[in-house]
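The values are calculated or read from the model by the stated rules, or taken from the named source; none is laboratory data. Keep in mind that what you see is a predicted model, and the values were worked out from it rather than measured. Every residue, glycine among them, receives a Cβ derived from its backbone with ideal geometry; neighbour counts consider all protein chains shown.
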Amino acid sequence: MKKGKITGAKSVVRSLEAQAVDLIFGYPGGANLPLYDELARASLRHVLARHEQGAAHMADGYARATGKTGVCTATSGPGATNLVTGIATAYMDSSALVAITGQVSRHLIGNDAFQEVDTTGITIPITKHNYLLQNAEEISRALTEAFYLAGSGRRGPVLVDIPKDVLLEQCISGDGAPPHLEGYRPTLKGHPGQIKRAAAIIKAAERPVIIVGGGIQSQAAYEALTALAKGQDIPVVSTLMGKGSFPNSDPLYLGLYGYHGRIAANTAITHADVIIGVATRFGDRSTGSTLHFAPQARIIHVDIDPAEVGKNIQALIPIVGDAGHILGELVAQLESASHPEWVRRLQAKATAHPLADLRGEVTIPKVLRGLKRLCPDAILVTDVGRHQIFAAHYFPVDACRSFLTSGGLGTMGFGLPAAIGAKIGRPDRPVVAVCGDGGFLMTCQELVAAAVENVPVVALVMHDNCLGMIRQLQHAFYGKRFTSCDLGNVVDFARLAESLGCVGLTVERDAEIEPALEKALAAGRPCVVDCRIDAPANVYPMVTGATLMDYIE
Amino acid sequence: MKHTISILCNDTPGVLTRISGLFSRRGFNIESLSVGNTELKGKSRFTIVVQGDDRVLEQVRKQLQKLIHVIKVWDITPEAAIEREHALIKVDVERHRKGELLQILTAVEGRIISSSGSMWTLEVTGEPSQVDNALNLFKDYTIVESIRTGRIALER
């Protein structure tokens with residue numbers, strides 16, 4: 001090696017170290033082997049996933065649980081395409097992720113070479129930005145920019161595609177200069193005039209409601225939101241992504257609103273005269289038909305992404321900026337207020353429409369409530385489907401970054417690998433994945449990664465032998481013609497777990513739920529609890545009509 | 001309603017894909033697109049005409065602004081804009097009609113770029129409506145081939 005020069009692969013490792021990255025999830029292949037050769041000599045921990053999609057979800061789960069940027073790597077071609085679902089999941093939920101992919105050598109690009117795919121072309125629509133590097137000198141700057149982009153403003157995934165020969169090329173080590181991006185200037189501070197106008201509207205409100213979304217990223221923002229709601233006595237409803245953004249046990253919290261929202265929460269939206277939407281994009285699963293959404297409300301919309309303002313819902317007062325800053329300003333400008341009649345009315349609605357107790361020996365609500373009793377401070381990671389909505393309703397969380405779910409893309413298979421990433425990032429907290437049997441089978445090979453890396457994550461499989469949400473939709477909208485939602489009664493998840501190096505437990509009786517959970521949480525090893533749901537039940541409320549008040553319960 | 005959007009962006013490989021891909025995946029319809037270098041080194045300017053109401057336009061503008069390579073986006077209102085289009089038309093014209101075509105060409109401020117026997121290649125430059133008008137007038141002749149650029153625009 002020439003004096004003062006390093007290889008591209010070494011430059012990647014140095015750039016990661018400069019970003020204080022100590023952990024990377026990945027899977028090796030021909031095109032990123034030079035990087036793996038270098039990783040072997042670095043102090044970075046590498047977690048070998050058993051599928052690239054798993055690596056992406058792990059990095060995403062790590063990012064969601066810690067607030068840091070997750071990093072994953074894969075090789076060219078199928079390695080990169082296997083990352084795609086994970087990257088798209090992170091993109092839809094604004095999760096900070098840096099993906100580094102190997103690419104075929106420069107002289108082969110465009111030739112349909114072995115394991116060549118147009119990775120940057122494929123990932124343009126699902127990344128905040130991406131790079132195809134042409135020489136090793138670019139590595140340092142590109143990675144510095146990638147981390148800056150992924151972790152600032154509205155967070156999101158950034159992909160850096162590096163040809164194999166660029167990883168092997170000699171280059172001068174980067175100077176570590178801060179990134180300069182002419183076309184990227186996220187707005188962080190809210191416009192003072194808009195904040196003042198919003199404060200005046202909140203002050204005059206008689207029936208205000210706060211909608212909180214998934215963009216509450218810091219403890220400061222979490223506390224500012226709590227202070228605003230409590231100081232102004234404003235009821236809070238959340239989106240699925242926003243569930244962890246406000247203490248769920250607070251009497252002002254009315255729960256999830258929208259398509260599967262609680263009646264009290266949807267009532268609040270329908271009758272509110274002022275809505276403060278915080279870090280939410282007013283997605284279609286929440287608002288339903290936008291024509292009928294919040295007919296009486298004047299809307300204040302706080303979001304860091306200017307493109308979200310006015311995209312789905314027209315706001316009277318848009319405020320672009322960091323939620324923590326804007327909420328802090330609002331708290332400072334407003335004297336405390338109360339809306340006793342409005343709050344009482346909504347709380348009465350909540351009491352009149354409690355969460356149902358389902359019949360059956362082992363039910364999803366029973367498992368979730370048992371978990372809450374035994375382990376109230378768990379980080380709950382869900383998969384996608386009926387159990388996901390049950391989890392949103394039946395497992396209250398009272399701390400930021402404690403409810404991780406694939407809200408935007410709705411990726412089945414997210415739960416287990418995301419929980420593994422979350423547990424690696426937060427070894428101090430219990431991390432529990434709640435999955436359906438359908439989604440669990442999509443990524444259950446990652447149990448091997450958890451076993452080998454000794455990550456004591458707990459996975460609860462709601463085993464009802466069917467694709468529950470599909471079945472529910474066919475029940476409601478397809479004349480009960482159940483097609484391809486029956487998974488068959490063949491899998492023994494406890495034995496599956498044992499064969500993949502984990503602890504496996506089975507629950508068939510009500511009385512077995514809590515002992516099994518206790519055992520799983522104390523196992524000190526990755527553990528799967530096969531919860532045999534004996535009477536599968538639909539999850540309600542569910543909106544079936546044009547407005548949020550056309551529901552079945 | 002038609003809007004003209006002007007985009008100043010980095011002149012890097014793939015920037016056209018990023019911009020045109022954004023239009024297609026967000027369901028915005030491009031009426032015309034032209035791109036070229038500017039007085040700034042390493043920068044290109046796109047002029048894109050889109051169809052849509054003000055709300056669509058605002059989304060287009062904001063989504064474009066989110067692309068890291070995009071530096072600035074303007075919505076150029078027709079009153080404040082200088083807009084030009086350019087058209088090339090190859091016409092097969094009979095001998096006895098050449099005088100008449102020449103008159104029309106003078107009226108629309110066009111030029112003959114090349115001629116070979118009965119085959120004339122004409123060019124017309126002007127505001128989009130002038131180019132429309134010229135192409136309309138040429139319809140009486142045998143148009144063999146024709147092409148027009150998308151519009152380019154600058155604020156006054």
| message | Restricting to region A:91-117, and then to whatever is within 14 Å of chain B (Cβ to nearest Cβ) and under 27 Å from the mean Cα position of the chain (by Cα), can you tell me which residue is farthest from A:V13 (Cα to Cα)? | response | A:M92
| remark: Looking across region B:76-95 at residues that are in a strand (DSSP E or B) and among the β-branched types (V, I, T), the single one that is nearest to the other protein chains (Cβ to nearest Cβ) is B:I76
| query | Restricting the search to region B:13-32, which residues are more than 16 Å from B:Q63 (Cα to Cα) and facing another protein chain (nearest Cβ under 10 Å)? | reply | B:P13, B:G14
| request: Have a look at B:V73, B:V50, B:V35 and point out the one that is in a strand (DSSP E or B), under 19 Å from A:K311 (Cα atoms), at pLDDT 90 or above and more than 14 Å from chain A (Cβ to nearest Cβ). | output: B:V50
| task | Select the strands (runs of 3 or more DSSP E) contained entirely in region A:107-203, then report the ones holding at least 1 residues which are buried (at least 19 other Cβ atoms within 10 Å of the Cβ). | result | A:129-132, A:157-163
| query | When only residues in region B:120-156 that are under 16 Å from B:T47 (Cβ atoms) and among the acidic types (D, E) count, which is surrounded by the fewest Cβ atoms within 10 Å (Cβ to Cβ)? | reply | B:E155
| message | For a quick check of your reading of the model, give me the residue pairs whose first member lies in region A:422-450 and is among the basic types (K, R), whose second is assigned to a helix (DSSP H, G or I), with beta-carbon atoms closer than 6 Å and at least 6 apart or on different chains. | response | A:R426/A:A65
| Quick one: A:L358 ticks every box in (1) surrounded by fewer than 20 Cβ atoms within 10 Å (Cβ to Cβ); (2) in the same structural domain as A:V278 (by TED's automatic domain parsing) bar one, so which box is it? | (2)
| field | Contacts under 8 angstrom Cβ, first residue in region B:35-48 being at negative phi, partner of a type in the set (F, W, Y) and not in a loop (DSSP other than H, G, I, E, B), 6 or more apart | value | B:V35/B:F46; B:I48/B:F23
| Residues within region A:294-307 that are touching a residue at least 40 places away in the same chain (Cβ under 8 Å) and within 14 Å of chain B (Cβ to nearest Cβ), tallied | 4
| task | State all residues of region A:335-357 that are among the acidic types (D, E) and either at pLDDT below 95 or in contact with a strand residue (DSSP E or B) (Cβ under 8 Å, 6 or more places away or on another chain) (or both); if no residue qualifies, say none. | result | A:D357
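Residue-by-condition table, conditions (1) closer than 19 Å to A:A450 by Cβ; (2) more than 15 Å from the chain's Cα centre (by Cα); (3) not acidic (D, E):
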position: A:Y27; (1), (2), (3): yes, yes, yes
position: A:A31; (1), (2), (3): no, yes, yes
position: A:D37; (1), (2), (3): no, yes, no
position: A:R41; (1), (2), (3): no, yes, yes
position: A:V47; (1), (2), (3): yes, yes, yes
position: A:H51; (1), (2), (3): yes, yes, yes
position: A:G61; (1), (2), (3): yes, no, yes
position: A:R64; (1), (2), (3): yes, no, yes
position: A:A80; (1), (2), (3): no, yes, yes
| request: Give the residues of region A:281-325 that are closer than 24 Å to A:K128 by Cα and of a type in the set (F, W, Y), sorted by residue number. | output: A:F282
| query | What is the one condition in (1) over 30 Å from A:N312 (Cβ atoms); (2) modelled with pLDDT under 90; (3) surrounded by fewer than 17 Cβ atoms within 10 Å (Cβ to Cβ) that B:S115 does not satisfy? | reply | (2)
| request: State whether the residues of region A:372-387 include one that is among the hydroxyl-bearing types (S, T, Y) and out of contact with any Gly (no Cβ under 9 Å at 6 or more places or on another chain). | output: no
| request: Considering (1) surrounded by fewer than 22 Cβ atoms within 10 Å (Cβ to Cβ); (2) in contact with a Pro (Cβ under 9 Å, 6 or more places away or on another chain); (3) under 30 Å from A:T267 (Cβ atoms), say which one A:N465 fails and leave the rest. | output: (3)
| Residue tally, condition away from chain B (no Cβ under 14 Å) and crowded, with 18+ Cβ neighbours inside 10 Å, over region A:308-338 | 13
| task | Could you please give the count of residues in region B:8-34 that are touching a residue at least 12 places away in the same chain (Cβ under 8 Å) and within 21 Å of A:Y131 (Cα to Cα)? | result | 12
| Is it true that some residue in region A:119-128 is touching a helix residue (DSSP H, G or I) at 6+ places or on another chain (Cβ under 6 Å), within 24 Å of A:R14 (Cβ to Cβ) and in contact (Cβ under 8 Å) with a residue 40 or more places away in the chain? | yes
| note | Residue hits (region B:9-32; aliphatic (A, V, I, L, M) and part of a helix (DSSP H, G or I)) are B:V15, B:L16, B:I19, B:L22
